[in-house]
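Step one of this worksheet: look at the structure below.
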Amino acid sequence: MAGLRLEGLRITRAGVPLVALEADIAPGEVLSVMGPSGSGKSTLLSAIMGTLAPSFAMTGRVRLDGCEITRQPPEARRVGILYQEELLFPHLSVGGNLAFGLPRAVRGRSARAARVAAALAEVGLAGFADRDPATLSGGQKARVALMRMLLAEPRALLLDEPFSRLDAGLRVQVREMVFARARARGLPVLLVTHDAADAAAAGGCVVELG
Amino acid sequence: MRRFAVLVALTALGPGAALSDPDPSDWQAVLEEARGQVVYWHAWGGAAATNDFIRWAGDEVAARHGVRVEHVKLADTADAVSRVLAEKTAGKDTGGAVDLIWINGPNFRAMKEAGLLFGPWAEDLPNWRFVDVDGKPAVRADFTVPTEGLESPWAMAQVVFYHDTARLPDPPRSMAALLDWAAANPGRFTYPQLPDFLGTTFLKQALYGMIEDPSVLQRPADQADYAAVTTPLWAFLDDLTPHLWRQGRAYPSSGPRQLQLMADGEIDLAISFSPGEASATIAKGQLPDTVRTLVLEGGTIGNASFVAIPYNANAKAGAMVLADFLLSPEAQARAQDPDVLGYGTVLAMDKLSPEDRARFEALELGIATLSPEELGPALPEPHPSWMRLIEADWGKRFGLAE
Amino acid sequence: MRPLRGAPLLTLLVLLGPVTAGLVGTLAPALGVFPALGGTRPSLAPMTALAAWPGLPGAVMLSVGVGLAATAISLVIVVLFVAGWQGTRAMAGLEQALAPLLSVPHAAAAFGLAFLIAPSGWIARALSPWATGWERPPDLLIVQDPLGLAMVAGLVVKEVPFLLLMTLAALPQVRPAQRMGVARALGYGPVTGWLKAVFPCVYAQIRLPVYAVLAYSMSVVDVAIILGPGTPPPLSVQVVRWMADPDLTLRFQAAAGAVLQLALVIGALGLWRLGEVVLGRLGRVWAEAGARRQGDGVLRLAGLGLAMLATGAVIAGLAGLGLWSVAGLWPFPEAWPEAISARSWLRHGPGLLAPGLETLWIAGAATALALALVLACLEAEHRFGLVPGARSLWLLYLPLLVPQVAFLPGLQAFALMAGVDMGRGAVILGHLVFVLPYVFLSLAAPWRAWDARHASVAAALGAGPGRVFRQVRLPMLLAPVLSAAAVGFAVSVGQYLPTLLIGGGRVQTLTTEAVALAAGGDRRAIAVTALAQTLVGMAGFALALAAPRILWANRRGLRAG
C-alpha cells in the first residue's frame, strides 16, 4: 500500500464543512487539487501536514505508505511541502538551509557538507553553499527550496501553488524540475493550484474543490 | 483573599516587645552584640554634604566596632516612617527594614504616639554625659515633645538667612523690614512650599516676631486662641505674597532648591536651617563667595536633629553604637567643621576634656558663617500642633494660588 | 509541553496578582480600614476628608487636563510626522535617535527641559543680555505654571518617542506602502492620503499604548514635581504628599485620593474612547468626501518641525545636564560655565558604582524573566493556538493603566505579609510587573508577524517544535527580541516607586539615588546621576542594536527592509 491515501477526510470549521476528500496517490503520481481561493486548498494541505489550526476539526485518516500518520506530529510525518514563496531561512546560508533539512543520520561535518555540495551541484548551484539566500535570484531560490525539501527524504510531497509567483519562462522550467525529481524519487505528490496549466503539466488526476 | 483578611486582622494585635532586645545600660554587651551587624540608617539623601558625613561615620564605626552602616537615602523622612508603619500593619514586629532614622519634630511625635519606637535608650549611651542638657534644652524636648530617651540628638540647627552681598548689600533684619524690602524689590524672595519643614519654619519664625507672649507657642495650639494668635501672621503673608518670587504662584519644593535659585540670580535672600550651609556651598563652588549669612533681630528658631530606632529594628545594638558614635566629640567636631557639614554641636564644651575641646577650638568658621555670639540664642520650636494647623491654613490660603 | 501550556496563566498571575493585591491594600484604608492606625471599621470618613480638601477641584482638573493634553499633543505630533515622512530619510534618521531617547528617564528629561525653559535657563541665557536686556532672570512663571503647560511639554517630549516607536512597530502590519501607493495613485496628497487610508488601521494597533500614555500622564509623580504646578499640584502628587505626611491619619485620605486617581483614569479613558468614536465617524465622512489634498505641505512641515522640536528638547536638555555636571560656578546670564571641572563626577561618581551595579542586576534579571515569560506565551500561542483575546490584552495593560500610587502602597503591605519583602528578589518581581507588559507589547507584533509557514517548512524537514523555536524562529527574530529586551531594561532602570516601596529602601538603584538627590535640588549632583541613569538605559539599546548587526552582517534578509 505505498503512496499517500486520504480516507474519508473531512474538515469542518465551527461545524461548517469545508473540505471533504477521498484520494489515493500512488508513488510518482500527481493529484492536482483545483479550486478558487477560499475553497480550502491550503487547509487540506495543513491537515495532511499536521499543522491544522485548532479552530478546525478533522475526521478521517491520512495514510502514508500504509501507515496511518493522522495522529503523528508534523515533524514525524515525513511529508514535504513547497510553498508559493521559497521560505528560505534568512539567518542561514544557502548551505545552512540545505543542512537544516539533511537527516541527523548523515554524520560528520565533512560528510554533511559533501551531501549539501552534491545537492547544490545537482541543481546547477555548485559553490553557492556560503551565499546569503537573500542574494539569490527567484529561480535559484526555488531550486534551493526544492533541494532542501528533498534532502529531508520525504515520503510524499505537497505543493501549495509553488509556481504561481514565477514568471512564465522560469515557471515551466521549475515545474519540470520539481515533477521530474518527485517522479525520480517515487514520491506521491499532491498539487494545489488554481492554474489549469499547472494541473495539465502535472499530468495526473484533477479534483475540483469548492 | 481570605488569607489577606486574616493577616489584616492579626495586625490589630499590635507589637510586643521582642525578648532579646539589647539593654543599653550594659554597654559592653551592646558592643558585643553589635559587632557584625548591618545598620540600615534611613536618612534624607538630598544633600551631598550629609551623605558624605554619613559615609564617614559608617566607615568609622566599621573600623572601631565592626558595625557596617548602609545609608538608605530618602527623598523624605516620612518614607521611613511609612515603612515602619507598613511593617506594623503587616505584623512584622521583628527584623524590620529600618534600624535607625534621622528624625525630628512631627515625624518623631507621630512615631512616638503610634508606638513605633524602641527605647528608652538614648540617655544610657556612654557619650550622653557630654551632652549640653542644660544649655540646649532642645536636646530633650523635640518641638516641645519630651524625647524620653526614645531618640538621641546629634546636631543643632538654627534658622539663618543668606543673601548675596553683590546684589543685596544691606539685607532686612526683621519681618517688617523684609516686607518693605520685598515690596520695593518684587520677585526676589521666596520660601519653600509648605509642608516642607523649612517653609513651615519661615512661618513660625514670622509668627515669633508678631506675638506678644511667645510662651503660648510652647503649649498645644488647642490650649490657646489659635485664630487670634495667628491673625497678624496671615495679614503679613497677605501683604508679602504678591511681592514674592513668581508672585507666590509657585514656590521652591525644598530648602536646597533655594540655593540653585540664589546661584541663578533669581532670588536675593533665602532661609536656611543650617548656619554653615552658605559657607559649605560657597566652598563647593555652587554659590558666589559674596554670599553672607544673617539672623533676625530678636533671635531665630533652633532645634536639634535626632536619630531614633524603630520598635522592630533588626540591628538595635548596632544602631545604638552608631548613635553613640555620633555623640562622640570627634564626630561632633567633624560635623561642626564648615567644610564638612557646619552643624552645631549638641555637646557642652565644659564637660569635655581639654583635648576634645581643642578639636572644636581649632575649627575655623566658614567665610559666610556667623560665630555663636553673632548667631545669638535660639528660640524654642513651637509645639507640633501649631505646625499642623499653620500648614493646613497656609494650604487653604496660599496653597491654591489661582 | 505542559509547562508551556501554563505560561499564559502564569504570566497573567505575575501581572495581575500584585495589581489586585495592591488595589485591595489601597481600597481598604480608603474605606477606613487600616488596623495599625486604629481603623478597624469601614467608614466613608476618608472620602469626606478628601472631598473637603479645598484644592481638590484644581488638582483633579490638572490631572485630567494635563493627561488629555499631553496624550493628544503627542499623538498628533506622531501622526503628522509619520504621515508626512513615512519611508523617507528624515524618518530613518529619527528612528535611529528613537532608542536612545526612549532610554532617557522621565525625570532626567524633565530636569533637562526645566533648565532649558526656565527664566534663568539656557534659552534665556543665550539671549541675554544682548537681545532681551536681562541682566538678571526675569520673574516669569514658566516652569511650574498653574495650567501645567510646562508639565505637558515635559510629558510630550518623552511620550512622542514612545508613541512613535509603537506606531513604527504597528505600521508594517497594515502594509502602508501598498495603501499609500493606491491612495497616491488616486490623487491623494501624502498626509491626507495617509490619514485617510493608513491611520485608522494603525490607530487600532496603537490604541492601548495611547491609553497607557494617557494613564501615565495623568498619574505621573516625578515629572509633576519637577515641572508641574504646586498650588495645587496634580492629584497624584498630593496623594504622595499625604502619604509622606508625618500626620499618619492622612494615610486614609491618601488612600481615598489614590482611589479617586484610579477613578479619574478610568473616566478619562472612557472620555478618550468617546472621542475616538466621534472622531472616527467624522473621519469616515471626511474620507468618503473625496478631498485629495488638505494643507499637506504645511502639515508635513509641521509634523517634521514638532517632532524635531520634541526630540531636540530632550537632546538639548541632556546637553544642558552634561554641562552642569562639569560646571563650576555658572551665574546668569552666562551661556557657558565660568569654569569646567570634573569635580562633580569625582565627588558623586564613585558613590554611583554600587547603585549602578544594583540597577544592572535588577534590570537584567527582570528583563530576562519577562522575556522568558513573553516568549513562552507567544510560543504557546503559536503551538496550541492559545491566542489571547482582546480582553486579556487589556489585562496585560492593566499595570500600565492602573496608577502606581493606587496600588503600590497596598502592594508593599501585601508583600510584607507574604514575607517576600526586602531585598533584590522582591524588587525584581515588582519591576517585572511593569517590564513584562512593555516587553510583550514590543515583541508580540513582530513575533506574530513572522510567517508561520517557516515553521511548517521546518517541521516538514523533520524539525520538532523545540528545534523550530531555537534554530529558526528565535534567530530570525533576534533583532525584535533584543529591542524588546532593551525596552524592558530601560523601563526597569526608570522605576522609582516600586524600588522604594518593595525594597524597603534597602535596594538602591540609580533612580532612587537620583530622586533622593533631586529632593536637594543640587543641579550638578542631579546632572551626574541623571546622566549615569541615562547611560545605563542607553547601553541596553546600543547592545540591542549592535548585536544583530554584527551577528547577521552577511544576511540581507534580516536587515530592516
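Each other residue within a Cβ distance under 15 Å of C:Gly356 adds +1 if Lys or Arg and -1 if Asp or Glu, for a net charge of 0.
Specify the longest stretch of chain C that does not include any exposed loop site, a site being one of the trypsin sites (Lys or Arg not before Pro) with a non-H, G, I, E, B DSSP assignment and at most 16 other Cβ atoms within 10 Å. Please list the in-between numbers first.
On the way: sites that count: C:Arg292, C:Arg293, C:Arg559.
It works out to C:1-291.
Over all orientations, region C:1-46 has a Cα convex hull whose mean projected area works out to 4.1 square nanometres. Figure legend: label point modelled 7 angstrom from the Cα of A:Arg165 along Cα→Cβ; residues of region A:71-104 with amide N under 14 Å from it are A:82-90.
What is the mean projected area of the alpha carbon convex hull for region C:116-228, to one decimal in square nanometres?
On the way: hull surface 40.6 nm².
Reported value for the Cα convex hull: 10.1 nm².
Remark: mean inter-chain Cβ contacts per residue of B:249-259 equal 5, using a 10 Å Cβ-Cβ cutoff to other protein chain atoms. Helix A:168-184 and the longest principal axis of the C-alpha atoms of chain A enclose an angle of approximately 80°. In straight-distance terms, cross-link reach from B:Lys351 covers every one of the lysines whose alpha-carbon lies under 16 Å from its own, apart from those fewer than eight places away in the same chain; here that gives B:Lys136.
With N residues in region A:103-210, what two-decimal value do you get for its Cα radius of gyration over 2.2 N^0.38 Å? Provide the component values of the computation, followed by the final result.
On the way: Rg = 15.2 Å, N = 108, 2.2 N^0.38 = 13.0 Å.
Taking N as the residue count of region A:103-210, the ratio is 1.16.
For the pair B:Arg129 and B:Gln218, the difference between a 0.36 nm per residue extended length and the Cα-Cα distance amounts to 29.4 nm.
Extent along the principal axes, Cα only, for region C:351-485: 53, 38, 24 Å, with the longest axis given first. Against chain B, whose longest principal axis comes from its Cα atoms, helix B:384-397 is set at around 50 degrees.
Look at the stretch A:91-103: the mean tally of other chain Cβ atoms within 10 Å of its residues' Cβ atoms is 3. In terms of distances greater than 28 angstrom between alpha carbons, the cross-link table entries B:Lys92/C:Lys158; A:Lys41/A:Lys141; B:Lys88/B:Lys204; B:Lys284/C:Lys158; B:Lys88/C:Lys158 yield B:Lys92/C:Lys158; B:Lys88/B:Lys204; B:Lys284/C:Lys158; B:Lys88/C:Lys158.
Packing order of peptides C:19-26, B:171-178, B:208-215, highest average first: C:19-26, B:171-178, B:208-215 (average count of other Cβ atoms within 10 Å over each peptide's residues).
The helix-based estimate of mean residue ellipticity at 222 nm for chain C, built from -39,500 (n - 2.57) per DSSP H run of four or more residues and divided by its residue count, is -24000 deg cm²/dmol to the nearest 500.
A viscosity of 0.890 mPa s and a temperature of 25 °C, combined with the Kirkwood radius over Cα pairs in Stokes-Einstein, give a translational diffusion coefficient for the protein assembly as shown of 73 µm²/s.
Computed over region C:140-195, the P(r) tail beyond 18 angstrom holds 57 percent of alpha carbon pairs.
In degrees, nearest 10, range 0 to 90: what is the angle between the Cα axis of helix B:197-208 and the longest Cα principal axis of chain B? Approximately 60 degrees, to the nearest 10.
Listed values for region C:259-265 are Karplus-derived 3J(HN,Hα) couplings in whole Hz (6.51 cos²θ - 1.76 cosθ + 1.60, θ = phi - 60°), namely 5, 4, 4, 4, 4, 4, 4, and x replaces Gly and Pro. Kindly provide log₁₀ I(q)/I(0) values, in the same order as q = 0.15, 0.21 Å⁻¹, from the Debye equation applied to equal alpha-carbon scatterers of region C:232-386. Calculated log10 I(q)/I(0) at the listed q: -1.22, -1.15. Net charge in the neighbourhood of C:Leu329 (other residues with Cβ under 13 Å of its Cβ; Lys, Arg +1, Asp, Glu -1) is -1. Give the separation of the Cα centroids, region C:132-188 to region B:224-241, in Å. Value for the Cα centre distance between the two parts: 47 Å.
Please work out the FRET efficiency for the pair A:Arg13 and C:Ala45, using the Cβ-Cβ distance as r and a Förster radius of 60 Å; give the result to the nearest 0.05.
Working: r = 58 Å, r/R0 = 0.97.
That pair, A:Arg13 with C:Ala45, gives E of 0.55.
Averaged over the residues of peptide B:271-284, the number of Cβ atoms from other protein chains lying within 10 Å of each residue's Cβ is 1.
Computed from backbone phi, the HN-Hα couplings of region C:318-334 come to 5, 4, x, 4, x, 5, 4, 5, 10, 7, x, 5, 9, x, 6, x, 4 Hz, rounded to whole numbers (Karplus: 6.51 cos²θ - 1.76 cosθ + 1.60, θ = phi - 60°; Gly and Pro given as x).
Once you wrap a convex hull around the alpha carbon atoms of chain C, what is its projected area averaged over all directions, in nm²?
Details: hull surface 114.9 nm².
It is 28.7 nm².
Averaging Cα coordinates gives a centre for region C:43-72 and one for region B:39-75; these two points are 39 Å apart.
For region A:156-167, backbone phi angles converted through the Karplus equation (6.51, -1.76, 1.60; θ = phi - 60°) give residue-by-residue couplings of 8, 10, 10, 10, 9, 6, x, 10, 5, 8, 7, 6 Hz, Gly and Pro being listed as x.
With r defined as the distance between the Cβ atoms of A:Arg185 and C:Ala372 and R0 fixed at 41 Å, what FRET efficiency is calculated, to the nearest 0.05? Before the final figure, lay out each step's value.
On the way: r = 42 Å, r/R0 = 1.03.
Efficiency, from the Cβ-Cβ distance: 0.45.
Computed over region A:55-129, the P(r) tail beyond 14 angstrom holds 72 percent of alpha carbon pairs. Normalised size of chain A, defined as Cα radius of gyration per 2.2 N^0.38 Å with N residues, equals 1.02.
Readers should treat all values here as calculations from the given coordinates under stated rules, not as data from a laboratory. All of these numbers come straight from a predicted model, not from anything done at the bench. As a convention, Cβ positions derive from the backbone with ideal geometry for all residues, glycine included, and neighbour counts pool all protein chains shown.
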